[in-house]
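What follows is calculated from the coordinates using simple rules that are stated; it is not laboratory data. What you see is a predicted model, and the numbers here were worked out from it, not measured in a lab. Note: ideal-geometry Cβ built from the backbone for every residue, glycine included; neighbour counts use all protein chains shown.
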Amino acid sequence: MSELFTPDIYYGVVWSMLGLAVVVFVALHRFTAGYGMMYNSRWGKGINNRLGWFVMEAPVVIAMMLLWLLSPRRAEAAPDVMALIFLAHYVQRAFVFPFLIRGKSRMPLAIIAMGILFNVVNAYMIGGWIFYVAPPDRYPASWLASPLFILGTLIFFAGMAINIHSDHIIRNLRKPGDTKHYIPRGGMFRFVTSANYLGELSEWIGYAILTWSLGGFAFAVWTFANLAPRAASIHDRYINEFGTEYSSLHRKYIIPFIY
């Protein structure tokens, strides 16, 4: 296990992910990932959306748990709390969110495979850092009372609340049997097209702050590179579908008042 977490290998992976994030950000402005309301059969065979989300998100929970349990730092307070915060997001995404999904949408296997790879690499960047690569004295128990940890944790859980609330709004736009599209309203949808993505981005910005790590920063950059172009695509779709009813709301894509 330890040979996977030498500084050369670890930082090579993190810097490669940062470089790849730029490529993904550009590419996703040209090609929209075909899942959710943008589902496209050209992305390959699809499976039930609930199962797809579960299969895509569950492996990261397993990966982080293994990194945690196999680490000689597994009983240290600060790394343990940071791992629990990380897992709070993915347990919700793997074991709660999928089973709240309504409708009969499908998710392409190609999207699921890419999601699994992305999530497991992120577990490596985060879990690898806090449990293996970080200097042994990087996160003493006193880190949990530091301004960076407190600020980052507040941002993380505020983002998680925005994400869950926004998903709730989207999930309840339609009554059973209705297939029409509606404009999401309320919550952070007052300011952005994709309030659920704003919530997720906020989570990982908060996590980058509470860990104050390059791996956390890379995760936040990847989140923006992946979700911002999709938010722009959804914004354009709403304008095409609803016209001035939507454009008159003057919403940004994903970051209030900015982007």
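Between residue 47 and 107, 109, the built amide H atoms are under 5 Å apart, and every one of these is 5 or more places off in sequence or on another chain. For region 78-232, the relative contact order works out to 26 percent when only alpha carbon pairs closer than 8 Å and six or more residues apart are counted. In this label model, residue 109 and residue 257 are separated by 4.8 nm, measuring between points 7 Å along each Cα→Cβ vector. Overall shape: oblate for region 104-159, with the ratio a/c of the largest to smallest alpha carbon gyration tensor axis at 1.5 or above and b/c at least equal to a/b. Just 72, 184, 229 to compare: in a GNM of the chain, with alpha carbon springs under 10 Å, which one fluctuates most? Maximum among the listed residues: 72. Compared with the dominant principal axis of the Cα atoms in the chain, helix 49-69 is inclined by about 10°.
Applying a DSSP loop filter and a limit of 11 other Cβ atoms within 10 Å to the trypsin sites (Lys or Arg not before Pro) in region 47-110 leaves 104.
In plain terms, the chain from residue 102 to residue 142 could stretch by 10.0 nm, reckoned as 0.36 nm per residue minus the Cα-Cα distance. Under the criterion of Cα pairs below 8 Å and six or more residues apart, the relative contact order for region 131-206 equals 42 percent.
Take the convex hull of the alpha carbons in region 2-247; its mean projected area over all directions comes to 13.5 nm².
Sequence-distant contacts, meaning Cα pairs under 8 Å at least 6 residues apart, place the relative contact order of region 41-96 at 52 percent. As a rough footprinting exposure proxy, the listed residues 149, 131, 242 were ranked by other beta carbons within 10 Å of their own, and the order from fewest upward is 242, 149, 131. Between residue 250 and residue 27, the simple spin-label model (points 7 angstrom out along Cα→Cβ) gives 3.7 nm.
Compute the label zone of residue 239 within region 174-211: residues whose backbone N is under 15 Å from the point 7 Å along Cα-to-Cβ. In region 174-211, the label zone of residue 239 (backbone N under 15 Å from the point 7 Å along Cα→Cβ) covers 192-194. Report the FRET efficiency, 1/(1 + (r/R0)^6), for residue 73 and residue 11, where r is their Cβ-Cβ distance and R0 is 22 Å, rounded to 0.05. With R0 = 22 Å, the Cβ-Cβ based efficiency is 0.70. Our note on the geometry: Cα centres of region 151-183 and region 198-218, 20 Å apart. Using θ = phi - 60° in the Karplus curve 6.51 cos²θ - 1.76 cosθ + 1.60, the 3J(HN,Hα) couplings for region 140-154 round to x, 4, 5, 4, 5, 9, 6, x, 5, 5, 5, 4, x, 5, 4 Hz; x is entered for Gly and Pro.
Using the Karplus curve 6.51 cos²θ - 1.76 cosθ + 1.60 with θ = phi - 60°, what ³J(HN,Hα) values do you get for each residue of region 94-111, in whole Hz, with x for Gly and Pro? Taking θ as phi minus 60°, the curve returns 8, 10, 10, 3, x, 8, 9, 5, 9, x, 10, 5, 10, 10, x, 4, 5, 5 Hz for region 94-111.
For region 155-164, 3J(HN,Hα) computed residue by residue from phi via the Karplus equation (6.51, -1.76, 1.60; θ = phi - 60°) reads 5, 4, 6, 5, x, 5, 5, 4, 4, 5 Hz, glycine and proline entered as x.
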